[in-house]
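Right, one structure below, let's go through it.
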Amino acid sequence: MNGTGTGNGTGNGNGTNNGPLLTLRAALILLLGTLTGIGAGILTWLGGASPAQAVLAGAGASALAVTFFNALID
């Protein structure tokens, strides 16, 4: 190696640009979807459903909430 490269030597060596893993918008949408799913699951469980049914209800609500908030937040 003769050291004639054009880089400035400040990279981390893995080919990334050290940007955020998620954008702020994506993080907010996923957070709101998760909170909606948790809330729906807890309310379902408190309503007398089995824990398995509550988890399924929460997962469905979370998926729908992510879709909803993705369309809502621009």
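Coordinate-derived values only; no laboratory data. These figures come from a predicted structure and were not determined experimentally. A quick note on method: Cβ atoms are made from the backbone with ideal geometry, for glycine too, and the neighbour counts reach across all protein chains shown.
Spin-label model, Ser50/Leu28: points 7 Å from Cα along the beta carbon direction are separated by 4.0 nm. Using a simple spin-label model with pseudo-atoms 7 Å out from Cα toward Cβ, Ile42 and Leu21 lie 2.5 nm apart.
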